[in-house]
There are 2 protein chains.
Amino acid sequence: MSAEVIPLPKRGEGKEPSLAPILNLTATAMNSVNAIILDRMQSEIPLIPSLAGHLIAGGGKRMRPMLTLAGGELVGYNGTRHHKLSAAVEFIHTATLLHDDVVDGSEQRRGKSAANIVFGNPATVLVGDFLFARAFELMVEDGSLKVLKILSSASAIIAQGEVDQLTAQRKIETSEERYLHIIGAKTAALFAAASRIAAVVAECSDAEEKALDDYGRNLGIAFQLVDDAIDYDTGTADMGKDRGDDFREGKMTLPVILAYARGSEEERRFWQDAIAGFRTEDEDLAHAVELIRRHGAIEATRERARHFAQRACDALSIFPDGRARQAMVEAAQFAVSRGY
Amino acid sequence: MSAEVIPLPKRGEGKEPSLAPILNLTATAMNSVNAIILDRMQSEIPLIPSLAGHLIAGGGKRMRPMLTLAGGELVGYNGTRHHKLSAAVEFIHTATLLHDDVVDGSEQRRGKSAANIVFGNPATVLVGDFLFARAFELMVEDGSLKVLKILSSASAIIAQGEVDQLTAQRKIETSEERYLHIIGAKTAALFAAASRIAAVVAECSDAEEKALDDYGRNLGIAFQLVDDAIDYDTGTADMGKDRGDDFREGKMTLPVILAYARGSEEERRFWQDAIAGFRTEDEDLAHAVELIRRHGAIEATRERARHFAQRACDALSIFPDGRARQAMVEAAQFAVSRGY
């Protein structure tokens, strides 16, 4: 149980990492979570399950509830309390996606029309609110004030991260540090909380709770870094997100921050104009992608993602080796190998 | 302490009702609540207190926290737990106002530009989310699962009421029953919860808890009915809401439902066109106001408000007479006399 090194193989070393082990590990419990999700997104107002179902039934990897369930397996939890809490986590995530799509004016989500396009902004905002409230109802039913504290705090941090991202939008001077702070809040806080609550329901030690939090948080950062790399990596399969959205919205993600830092004077002028919103044509996006490639900014972003994925794996070293830990390590490897 | 009749004087009988007694009753505690509100709307992201402060500092009657505080006085509660919970209630309310303004595309709120106009829809949605999360953090700090249950359930009901209202928008066939159901959810649920939690922190009997819930719920319905009457009552002072907003948005409120039910064939055709969105000029609004007056729909709406205000007062009859009860009765009288 003492700390050991869990190496993260590089691409090409060994087999392609896959989500299959963690999916298998959590499959039975996930069926129960899905049943709770379907049951609790119902309402006497038919528009609510229609809109929520459009997004929830429309795929999605259920990454966050999967972390809660996998964490439960890792610590040998035999109960079912974490099923309801996993549904709560997915509701919080779904609420933020719905609001994000309104905020960004998204057209696509998970490979189909975003809810705001199909149902309009008003309904999308309000159904997000409903799911958020429902998430808290589920937590209250569970009855753990500690879980409530973790997830209410994460929710406040997510909202702050989203506002911070909005504030940094179209600001070319945004630093890598600020970017990491933003994704730590908007993405990693919920990954961390989702993992941590598994240790809470299983009444683990503080160290184990902290370890699961660290795993989730670092995985979340790795995950977002790769998402942001993929948005400029035209060689990869489409992830169901509009390619180039970040560029057109003037979002300051790491590939841009790095390409800007490494760019010539002329390139910097291009980035200033582009992020300010004066270069939004397809040819501008193509030029941006070319500059990002020229400066190795995709690979550098992925390399940082590997760093956080490694830290996620390291955090697991206090737990005994076994099926659950191996699945969670491979999930971290998968997170950084996506989109190649 | 046995049930007694608390009559609601008609207009012209006795002195003009005022909020002064309930304001005085709760003034000291409200200072503490306001300090908590100011403290807890802070964030490292400066846009959050700017936007939240635009609405929160911009007036507002603090009706809902006032109900919690007055309820505490009524039941002789000597603690301060309800201060934090009152702030939580006001944050939930503020979050719904911010989201409402985005949903309705409001231009004015409390007599000045709405937050969505000043700060844009994206920030307004996200700061609403932040305040909602912060409300739950405050409740978790208090630590009562019963309060968390009441306010998470109320939050889900509010969101459902808002979606229901959206669904009923531009539907001339909306019934009075459905309208009452909508305002019961979107407005009265939080009034009820705000009152009820005073009894919870004071560890009152179930009957007292229920009585405070009934008071708040009926007061909330009365309050919303009068708000909806005022929107068509051009003789009254401006309430800081755009006059005729409901009309232009095709919202089905009771004055319209009654004028439509009582109207001639020709008038009904006008209402069908207007609610469908084909008659939104100032002269159309003037005609709508004229039809509503002709059929006594403002007075009928106010009469129903009086009915609910009377029920609110009746609910208080199980509590001993005194300064708190008198102030709460007069607040109900005030609610229905507003805007004359």
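The values are calculated or read from the model by the stated rules, or taken from the named source; none is laboratory data. Just so we're clear, the structure is a prediction, and the values are computed from it rather than from any experiment. Virtual Cβ from ideal backbone geometry, glycine too; neighbours counted across all protein chains shown. Surface accessibility is based on the protein's heavy atoms, side chains included, excluding ligands, DNA and RNA. Shrake-Rupley method; radii C 1.70, N 1.55, O 1.52, S 1.80 Å.
Descriptive notes on the structure:
- Leading residue by the ranking (nearest to the chain's Cα centre (by Cα)) among those in the stretch A:54-99 that are open to solvent by 10 Å² or more (accessible area, probe 1.4 Å), free of Cβ contacts under 8 Å to residues at least 60 places away in the same chain and within 14 Å of chain B (Cβ to nearest Cβ): A:Leu97
- Here B:Val201 meets each of (1) within 14 Å of chain A (Cβ to nearest Cβ); (2) touching a Ser or Thr at 6+ places or on another chain (Cβ under 8 Å); (3) over 15 Å from B:Asp214 (Cα atoms) with one exception, condition (1).
- Verdict on A:Glu330 being within 19 Å of A:Leu67 (Cα to Cα), open to solvent by 10 Å² or more (accessible area, probe 1.4 Å) and in a helix (DSSP H, G or I): yes
- Each residue in the stretch A:171-183 was checked for being out of contact with any Phe, Trp or Tyr (no Cβ under 7 Å at 6 or more places or on another chain) and open to solvent by 20 Å² or more (accessible area, probe 1.4 Å), and 8 of them qualify.
- Selection from the stretch B:127-141 of residues that are open to solvent by less than 10 Å² (accessible area, probe 1.4 Å) and touching a residue at least 24 places away in the same chain (Cβ under 8 Å): B:Val127, B:Gly128, B:Phe130, B:Leu131, B:Ala135, B:Phe136, B:Leu138, B:Met139
- Exactly one residue out of B:Leu190, B:Leu166 is within 30 Å of B:Ala305 (Cα to Cα), open to solvent by 30 Å² or more (accessible area, probe 1.4 Å) and of a type in the set (A, V, I, L, M, F, W, C): that is B:Leu166.
- Residue identified as touching a Phe, Trp or Tyr at 6+ places or on another chain (Cβ under 9 Å), assigned to a helix (DSSP H, G or I) and of a type in the set (Ser, Thr, Tyr) among B:Ser43, B:Ser32, B:Ser50, B:Ser18: B:Ser50
- Close Cβ contacts (under 8 Å, 6 or more residues apart or on different chains) running from residues in the stretch A:146-168 that are more than 7 Å from every other protein chain (Cβ to nearest Cβ) and within 14 Å of A:Ala194 (Cβ to Cβ) to residues that are open to solvent by 10 Å² or more (accessible area, probe 1.4 Å) and not aliphatic (A, V, I, L, M) comprise A:Ile150/A:Arg196; A:Ile158/A:Thr96; A:Ile158/A:Lys186; A:Ile158/B:Asp129.
- All positions within the stretch A:113-126 that are at the interface with chain B (Cβ under 8 Å from one of its Cβ atoms) and open to solvent by 20 Å² or more (accessible area, probe 1.4 Å): A:Asn121, A:Pro122
Okay, residues lined up against (1) touching a Ser or Thr at 6+ places or on another chain (Cβ under 7 Å); (2) surrounded by fewer than 11 Cβ atoms within 10 Å (Cβ to Cβ); (3) without any contact (Cβ under 8 Å) to a residue 12 or more places away in the chain; (4) not charged (D, E, K, R):
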| residue | (1), (2), (3), (4) |
| --- | --- |
| A:Glu13 | no, yes, yes, no |
| A:Leu19 | no, no, no, yes |
| A:Leu23 | no, no, no, yes |
| A:Thr26 | no, no, no, yes |
| A:Ala29 | no, no, no, yes |
| A:Gln42 | no, no, yes, yes |
| A:Pro49 | yes, no, yes, yes |
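- Count of the stretch B:200-214 residues which are open to solvent by less than 30 Å² (accessible area, probe 1.4 Å) and farther than 12 Å from B:Gly76 by Cα: 5
- Meets criteria (at positive phi, of a type in the set (D, E, K, R) and surrounded by fewer than 19 Cβ atoms within 10 Å (Cβ to Cβ)) for A:Arg110: yes
- Verdict on A:Leu8 being within 14 Å of chain B (Cβ to nearest Cβ), open to solvent by less than 40 Å² (accessible area, probe 1.4 Å) and either within 30 Å of A:Gly339 (Cα to Cα) or outside any helix (DSSP H, G or I) (or both): no
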